[in-house]
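Have a look at the structure below before the remarks.
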Amino acid sequence: MLRISHCAICLFFFAASAQAEDAPPQAADILTAAVAQAAANGDARYAFSVDFWSEQNGDELALRLRFDPRKASGEQWSVLDASIDDLSKDQKKAFKQFQKSETPDEALVYDTLGDELGGVVLAEETEAVAVFVGPVVSDDMPEGVLEMTITLNKTDGFVSQIDVRSKKPFKPMPVAKIKSMTQNQTYAAPNDDGVALLQMSEGAANGKAMLKSFASHTRQTYFDIERIDPPASSGAGSKK
């Protein structure tokens, strides 16, 4: 039987430990840290402006809006560069849809992405970027319908893009069938508090609803984002 001296074993473990300390962080660890940083800031509120554009069956619509959670309910959304009275019928209808959402700033931070990390796997990696792929888990969707791709900026430690696509046709409700769907979200590099914020969200879908075919494309570009932390005493304004 080969004998290995106690001293040799000590030297082996010392060398292995030194290599581990020198080794760069694994992509999965960087991703976990990035999502944890977002989750730690999940209760922050944000005021922001957004350029909204959509095309539905060839008809285009555009709006420039401002959201401010500090304002009273029903007044948080406002139209920029125009008067509500000057909007077209379709623009007014779209604006009313925005007004129904009082926590749209939740989408600016990927603080809930941790719920999806259990199923993702590393698909490709370079020195600067890692790409993870996995299923989207949602109670509102049939299992195995949607696939998510997460692009990680390893250098700066943040998720730079989240892409979702349908793998097959599905019915989100009995009267509608989606033939194909994509959703792409791009995030800007972390700001001073280390949080990466949504820069652009773009989606496309086609299928049938109420026996009528449809094809839609939407894009939202965010700018002038202002962080608004809730008062420490009461937590007023918290999203969660």
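All of the numbers you see were taken from the coordinates with simple rules; none came from a lab. Small disclaimer: the values here were computed from a predicted structure and weren't measured. Neighbour counts are summed over all protein chains in view; Cβ atoms, including those assigned to glycine, are modelled from backbone coordinates with ideal geometry.
For this structure, a couple of remarks:
- Between GLU106 and LYS92, the simple label model (points 7 Å from Cα in the Cβ direction) yields a spacing of 3.0 nm.
- Förster radius 45 Å - calculated FRET efficiency between SER138 and ASP224, Cβ distance, rounded to 0.05: 0.90
- Distance histogram for the range 69-132 (every C-alpha pair counted, 10 angstrom bins, percent rounded to whole numbers): 16, 29, 21, 18, 16, 0
- Difference of contour (0.36 nm per residue) and Cα-Cα distance, LEU122 to LEU61: 18.1 nm
- Calculated on the Cα set of the range 24-226, radius of gyration then Dmax: 18.3, 57 Å.
- Given their separation in residues at 0.36 nm each and the Cα-Cα distance between them, ALA82 and HIS217 gain 46.3 nm when the chain is fully extended.
- In whole percents, the pair-distance distribution calculated for the range 168-210 from its alpha-carbon pairs, binned every 10 Å from zero, is 25, 30, 22, 18, 5.
- Per-residue Cβ neighbour counts within 10 Å put SER83, SER49, SER201 in the sequence SER83, SER49, SER201, beginning with the fewest.
- Using Cβ point charges alone (K and R +1, D and E -1), the dipole size of the range 87-155 about the Cα centre works out to roughly 660 debye.
- Fully extended contour minus Cα-Cα distance, from LYS171 to ALA36, at 0.36 nm per residue: 45.3 nm
- Using the Karplus relation 6.51 cos²θ - 1.76 cosθ + 1.60 with θ = phi - 60°, the per-residue 3J(HN,Hα) values for the range 40-47 come to 5, 10, x, 8, 5, 9, 9, 9 Hz, with x marking Gly and Pro.
- Computed [θ] at 222 nm, helices only, for the chain once each DSSP H run of length n ≥ 4 contributes -39500 (n - 2.57): -5500 deg cm²/dmol
- In the range 46-179, taking the dipole from charged Cβ atoms about the Cα centre, the farthest positive-side position among THR149, MET173, VAL79 is held by MET173.
- Within-14-Å neighbourhood charge of ASP163 [Cβ basis; K, R +1; D, E -1]: -2
- Residue order, fewest to most beta carbons within 10 Å, for THR151, THR103: THR103, THR151
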